[in-house]
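The values are calculated or read from the model by the stated rules, or taken from the named source; none is laboratory data. All figures in this text were calculated on a predicted structure; none of them were measured in a lab. Here Cβ is always computed from backbone atoms with ideal geometry, including for glycine, and neighbour counts include all displayed protein chains.
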Amino acid sequence: MKARPAVPSFWVVAVAATLATVVLTAAPLAAAADNPNAAKVARGQYLVSTSGCHDCHTPFKLGPNGPEPDMSRALSGHPQSLVMPPAPQLPPGPWLVTMAATNTAFAGPWGVSFTANLTPDAETGLGQWTLKNFTDTIRTGRHMGRGRPVLPPMPIPVYNNFTEDDLEAVFSYLRTIAPISNRVPEPLPPAQSTAAK
Amino acid sequence: MDASALHRITLPQRAAHALRTLVALLACGIAQAPAAAQSGDIDPALPARLSDTGLYRASSSTQVRADVLAFTPQYPLWSDGADKRRWIRLPAGSAIDASMPDAWQLPPGTQLWKEFSHAGRRVETRYIERTRSGAWRYATYVWNDAGTDAELAPARGIAALPVSEAPQGRYAVPARSDCTACHEGSATPVLGFGALQLSPDRDPLAVHAQPARRDDVDLPTLMARGLLRPFDATLLQRVPRIAAASPTERAALGYLHGNCGHCHNRSGAGVPLQLTLAQSARDAAASRTATLASTLDIAGRYRGTPLLPDSALIAPHAPERSVLLARMRSRAPHLQMPPLGTELTDREGSALVERWIDQLSPVEEPSK
């Protein structure tokens, strides 16, 4: 039998990783029943699982079949323990962005951005956020709804298509996940794309 | 994934990982600025011209209508040195619900305007209206070269309007989302119009303060006209004033109130941080205590970073270690405070805050 080409097999791995993200987070969906709040949480879980939130906010790890989301750190953002070395300097040309193997740190013309901790941890996550803080962040594209611009690759323009009900559902779900203490580094400006602590 | 694990990944695995993520990045539209999420279209529900909002008398672009009231807050917001004028109009027969001195509730139908000028040239007039339904809406109007009227700006704003009189020859017109970012982070969307800002006990050391104009309304005149209800005589007997240990502290806290308090406050609508920079007209001592307790020797998110390794939000007697001051002076997009509405450091305001921090004793007690 002729061996299958190598690269497509890795696409299978990548697709499988994506499916795993959905499957691993799907269990509580069945619990929605007739409870309106449970239905809202389930809706939020569905949106989080299908809108790519895990892709960047859950660190990737190397599993037996290749990179996969580390669900023990689900939605906790760039790992505090992973101190990034200086981002590579790209030569002039069409290449624009470099990223960490965890998919949680990105370097580009804006500097270096680190994905946020979305868990309800009071000190390092969204534990002190209100629904309004969350919706304001998406609507204004500003950190905490009022601060600096939310940085790439966060797809604010895409998520601005969520309705108010969608955003409330997402936030409601995020309140139910396990809090994880993980202090994500502050972003680095372009001139300071050095090691982040 | 730690660094050693990274090295163990085979090249095809890394390629697959990279490809997958790049696909995700492309889907994210990484080159798209957040402001692009906002519509750039002109909102047909808003008046198309400033003259349509009812600020000026008929056939005039300078004389405001008789029922429009001018006011001048004692602690103004820094706007890169722009000169500003402000007006309010209340619906006929209405009054302000002043039962909360720190959050006056304005009746539906209220209109407010703020005009921005550089070197005598009017550039922009911002407009806030409380609609009959009680909702708030925001607009901004850009003056024409002749100064005869101003036209509604796009909802996404204008990043760099050429204005030769403005610093660096350009002027940033805010996006509609910028309006809400600043105005909807406190107990009321109307900033600079409250008991403390309009107190007749004006701070002589307030930075960039414009003298009250002859026709301005302030706390006493609003009360005398019956425009504040309920009438609280104690506000006149003991007019609002920031509690402070020194005149410098009073002015510094006032500066932070006017420039930072609309996001950093205890209303529940501000940013989710334990940081209070808003001062209270009702209980000045308590708000000062809250400010000191949430800043002095408080480790911020920048402690331990290369930027400010040994920092506190405010390090008493050590301005060089104070994150608050560093961010006030920065205009790096990731760091600057305030985060929008300014592209130039306010040197005078920063110097005031630096003097205050320098005067603070390292053993300052928040309850003092």
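Observations
- The residue that is surrounded by the most Cβ atoms within 10 Å (Cβ to Cβ), counting only those in segment A:63-94 that are without any contact (Cβ under 8 Å) to a residue 60 or more places away in the chain and on the phi > 0 side of the Ramachandran plot, is A:G66.
- Candidate set: segment B:205-218, residues that are of a type outside the set (A, V, I, L, M) and in contact (Cβ under 8 Å) with a residue 24 or more places away in the chain; chosen: the one farthest from B:R347 (Cα to Cα): B:D215
- Residues (of a type outside the set (A, V, I, L, M) and in contact with a Phe, Trp or Tyr (Cβ under 8 Å, 6 or more places away or on another chain)) located in segment A:87-105: A:T98, A:T102, A:N103, A:T104
- Taking (1) over 23 Å from B:G268 (Cα atoms); (2) within 12 Å of another protein chain (Cβ to nearest Cβ) in turn, A:A178 satisfies each apart from (2).
Conditions (1) under 22 Å from the mean Cα position of the chain (by Cα); (2) of a type in the set (S, T, Y); (3) surrounded by 17 or more Cβ atoms within 10 Å (Cβ to Cβ); (4) within 14 Å of chain A (Cβ to nearest Cβ), marked per residue:
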position	(1), (2), (3), (4)
B:R214	no, no, no, no
B:D218	yes, no, yes, no
B:M223	no, no, yes, no
B:P230	no, no, no, no
B:Q237	no, no, no, no
B:A251	yes, no, yes, no
B:G258	yes, no, yes, no
B:H264	yes, no, yes, yes
B:G268	yes, no, no, yes
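- Checking each residue in segment B:62-75 for being in a loop (DSSP other than H, G, I, E, B) and buried (at least 20 other Cβ atoms within 10 Å of the Cβ) picks out B:T72, B:P73, B:Q74, B:Y75.
- Qualifying residue in segment B:138-155 (condition: closer than 22 Å to B:G268 by Cα, within 14 Å of another protein chain (Cβ to nearest Cβ) and modelled with pLDDT of 95 or more): yes
- Going through (1) over 21 Å from the mean Cα position of the chain (by Cα); (2) in a loop (DSSP other than H, G, I, E, B) one by one, B:E320 falls short only on (2).
- Hey, B:L191 away from every other protein chain (no Cβ under 14 Å) and either more than 30 Å from A:D121 (Cβ to Cβ) or part of a loop (DSSP other than H, G, I, E, B) (or both) or not: no
- Some residue of segment B:322-329 being in contact with a Phe, Trp or Tyr (Cβ under 8 Å, 6 or more places away or on another chain), within 14 Å of chain A (Cβ to nearest Cβ) and not hydrophobic (A, V, I, L, M, F, W, C): no
- Which listed residue is in contact (Cβ under 8 Å) with a residue 40 or more places away in the chain and within 20 Å of A:L188 (Cα to Cα), from A:V97, A:V150, A:V48: A:V97
- Selected residue (criterion: nearest to the other protein chains (Cβ to nearest Cβ)) from residues of segment A:127-144 that are in contact with a Lys or Arg (Cβ under 8 Å, 6 or more places away or on another chain) and over 22 Å from A:L188 (Cβ atoms): A:T140
- From the list B:R132, B:R176, the lone residue that is surrounded by fewer than 21 Cβ atoms within 10 Å (Cβ to Cβ), at pLDDT below 95, within 20 Å of B:P47 (Cα to Cα) and of a type in the set (K, R) is B:R132.
- Of all residue pairs spaced 6 or more apart or on separate chains, those with beta-carbon atoms under 7 Å, a first member in segment B:318-332 that is among the hydrophobic types (A, V, I, L, M, F, W, C) and a second member that is surrounded by fewer than 17 Cβ atoms within 10 Å (Cβ to Cβ) and not in a helix (DSSP H, G or I) are B:A332/A:P189.
- None of B:R132, B:R122, B:R176, B:R126 is basic (K, R) and out of contact with any Asp or Glu (no Cβ under 9 Å at 6 or more places or on another chain) except B:R132.
- Of the helices (runs of 4 or more DSSP H) entirely within segment B:205-315, those holding at least 1 residues that are in contact with a helix residue (DSSP H, G or I) (Cβ under 7 Å, 6 or more places away or on another chain), over 18 Å from A:G147 (Cα atoms) and among the β-branched types (V, I, T) occupy B:247-260, B:284-295.
- Output for segment A:51-90, where each listed residue is more than 8 Å from chain B (Cβ to nearest Cβ) and outside any loop (DSSP other than H, G, I, E, B): A:C53, A:H54, A:H57, A:G63, A:E68, A:P69, A:M71, A:S72, A:R73
- Set side by side, the residues B:S322, B:S361 differ, and just one is out of contact with any Ser or Thr (no Cβ under 6 Å at 6 or more places or on another chain), among the hydroxyl-bearing types (S, T, Y) and under 15 Å from B:E249 (Cα atoms), which is B:S361.
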